[in-house]
Amino acid sequence: MLYDALWSAGVGLALLVALWPTKSTGRRLLKSWKVQDPTPTQIDDAIRYLKRRRLLYPWLIVGLTLLPIDTGRGVGSLAAIVLGGTLLAELIATQLHRQGSQRVASLAPRGLFDIASQYVLIAYALIVLIAVVLLLADLRIPQLPPLVVSVAAVTAVIWAAVVRPADGDEVVDRALRTRSVHVSAGLGAALAGALVGHALAFIGLLAWIAMANTNYVSKKIFW
């Protein structure tokens with residue numbers, strides 16, 4: 001277990017260093033989520049958003065390694081732990097409130113499909129359903145609890161994205177709110193695939209990439 005913890009710590013630190021956000025990273029992030037010509041203040045908001053998540057990676061990945069959970073064996077097990085850690089980082093980061101900022105309640109009710117693509121959410125639900133069926137068919141019951149926890153985490157991220165008051169710049173808040181939903185759904189799909197393995201692992205990986213890069217802009221005005 002100590003070896004696994006050290007290995008996971010190394011992976012978490014490597015991710016932290018490789019993915020540490022810079023101004024160019026923040027600018028690219030906002031442009032990829034259709035924030036045109038982001039201002040320095042908007043870029044700072046994006047960098048802060050990323051830092052909240054990146055700083056949690058090493059701790060959560062190591063923590064999951066030390067827990068008595070069965071994620072399978074080999075590369076699939078490591079992938080499940082890393083994906084689980086990043087998913088939990090997304091969940092925790094969505095609960096953090098920027099110090100000194102003022103949260104504003106929306107003027108119009110915000111619905112789930114106002115901030116997220118229905119295709120992303122349907123694809124995630126289908127992958128999870130397939131994973132449950134395959135795990136039950138193979139009598140791999142120990143892999144079900146991690147899957148259930150991941151579904152709960154994704155659900156919590158989606159719920160927070162819908163109900164939390166706006167924080168900071170309106171355009172950036174809307175873009176990052178959508179990104180949180182799509183990225184968490186993608187992570188959940190990849191984690192489900194990693195727990196099952198075989199073809200579903202590859203499908204989950206492709207789904208993660210596709211979901212995390214699916215832009216969605218609502219025409220509804222919330223402020």
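The values are calculated or read from the model by the stated rules, or taken from the named source; none is laboratory data. Bear in mind the structure is a predicted one, so any value in this text is a computation, not a measurement. No Cβ is skipped: glycine too gets one built from the backbone with ideal geometry, and neighbour counts run over all protein chains shown. With ligands, DNA and RNA removed, areas are computed over all heavy atoms of the protein, side chains included. Shrake-Rupley method; radii C 1.70, N 1.55, O 1.52, S 1.80 Å.
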Open item on the list: Taking the criterion of being at pLDDT 80 or above and open to solvent by less than 60 Å² (accessible area, probe 1.4 Å), would at least one residue in region 93-104 satisfy it?
Closed with: yes
Task: Residue match in region 60-69 (condition: at pLDDT 65 or above, touching a Ser or Thr at 6+ places or on another chain (Cβ under 6 Å), open to solvent by 30 Å² or more (accessible area, probe 1.4 Å) and not in a loop (DSSP other than H, G, I, E, B)) - done: yes
Open item on the list: Condition first: assigned to a helix (DSSP H, G or I), out of contact with any strand residue (DSSP E or B) (no Cβ under 7 Å at 6 or more places or on another chain), at pLDDT below 90 and of a type outside the set (A, V, I, L, M, F, W, C). Now tell me which residues in region 147-176 satisfy that.
Closed with: GLU170, ARG174
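Residue by residue, here is whether (1) touching a residue at least 12 places away in the same chain (Cβ under 8 Å); (2) open to solvent by 10 Å² or more (accessible area, probe 1.4 Å); (3) over 11 Å from LEU91 (Cβ atoms) holds:
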| residue | (1), (2), (3) |
| --- | --- |
| PRO146 | yes, yes, yes |
| VAL154 | yes, no, no |
| VAL157 | yes, no, no |
| ALA160 | yes, no, no |
| ARG174 | yes, yes, yes |
| THR178 | yes, no, yes |
| HIS182 | yes, no, yes |
| ALA185 | yes, no, yes |
| ALA192 | yes, no, yes |
- [ ] Go through region 108-139 and give me each residue that's in a loop (DSSP other than H, G, I, E, B), open to solvent by 20 Å² or more (accessible area, probe 1.4 Å) and either in contact (Cβ under 8 Å) with a residue 12 or more places away in the chain or closer than 23 Å to ILE158 by Cβ (or both).
- [x] ALA108, PRO109, ARG110, GLY111
